[in-house]
Amino acid sequence: MGTVLIPGQGLIFMKVGVHAKESLEEIIARKKKEIDEAGFALWGYGGATCYPNTMVQPFAKECVANGQKLMLCMQEMDSKHFAEPVRATHCSVDSRTWSEIHPAINVRGSRFAMAIKSLEVEDFELPLDHTRVAIGPNKGRVGDKYIRGRADKGCFELTSGLISGGPVESLSKVRITLVAELCEPYAVFLKNPPQ
């Protein structure tokens with residue numbers, strides 16, 4: 001396992017699977033190619049729990065200011081996301097000023113995206129009951145209780161336990177199979193066509 005998470009570490013948890021009629025395996029291959037060609041990729045997502053400019057960006061900046069890498073830890077799930085695989089053409093950090101997306105990057109069927117500079121297949125257990133929501137109206141809520149509701153992603157801080165190989169006393173572990181490191185601008189809004 002390459003990812004080492006320690007108490008106090010910030011991370012973003014997300015459930016992933018089929019998206020815009022594309023299998024997770026196809027998405028991984030495409031994203032790795034995008035990173036090779038553009039230096040980064042945009043990992044698309046939806047929902048309001050990780051809103052780009054009020055949740056992910058400030059959380060990421062705080063993690064980086066504390067000398068941390070911000071890791072996106074993904075749990076594979078069964079998914080039937082059948083949105084049309086329409087490629088976003090423009091992105092924005094604030095939903096006001098828009099720029100064209102690098103031609104090597106294809107982010108499809110999403111409202112938002114996280115900027116990632118690496119993507120690795122991994123296999124470890126994340127104890128969600130040893131995490132707390134790190135930002136927003138649910139700040140401080142235990143991660144497994146937060147995810148049990150309708151949320152399938154969140155900005156968390158690891159509160160205790162050793163993830164880097166040792167045992168963790170936990171009643172609520174999830175298997176992480178995919179890890180990405182975020183890079184600036186961390187998260188963006190997407191649109192197609194430009195307005």
I need the full set of residues from segment 94-109 which are within 19 Å of Cys50 (Cβ to Cβ) and basic (Lys, Arg), in order please.
Arg108
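From the set of residues in segment 159-176 that are part of a strand (DSSP E or B) and crowded, with 16+ Cβ neighbours inside 10 Å, which is modelled with the highest pLDDT? Even if it seems obvious, please write down each step before you answer.
Initially, segment 159-176 is screened for residues part of a strand (DSSP E or B), giving 173-176.
Right, trim to crowded, with 16+ Cβ neighbours inside 10 Å and you get 173-174, 176.
Numbers: Lys173: 89, Val174: 91, Ile176: 94.
The extreme case among them is Ile176.
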Looking only at strands (runs of 3 or more DSSP E) that lie completely in segment 1-99, which have at least 1 residues being in contact with a Phe, Trp or Tyr (Cβ under 6 Å, 6 or more places away or on another chain) and crowded, with 18+ Cβ neighbours inside 10 Å?
10-16, 41-45, 71-76
Would a scan of segment 135-151 turn up a residue that is open to solvent by less than 50 Å² (accessible area, probe 1.4 Å), in contact with a strand residue (DSSP E or B) (Cβ under 6 Å, 6 or more places away or on another chain), of a type outside the set (Gly, Ala, Ser) and under 18 Å from Leu182 (Cα atoms)?
yes
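The values are calculated or read from the model by the stated rules, or taken from the named source; none is laboratory data. This one's a predicted model, so the numbers in the text were calculated from it and none came from an experiment. Note that each Cβ is placed from the backbone with ideal geometry, even for glycine, and that neighbours are counted across all protein chains shown. Calculation scope for accessible area: heavy atoms of the full protein, side chains included, ligands and nucleic acids excluded. Shrake-Rupley method; radii C 1.70, N 1.55, O 1.52, S 1.80 Å.
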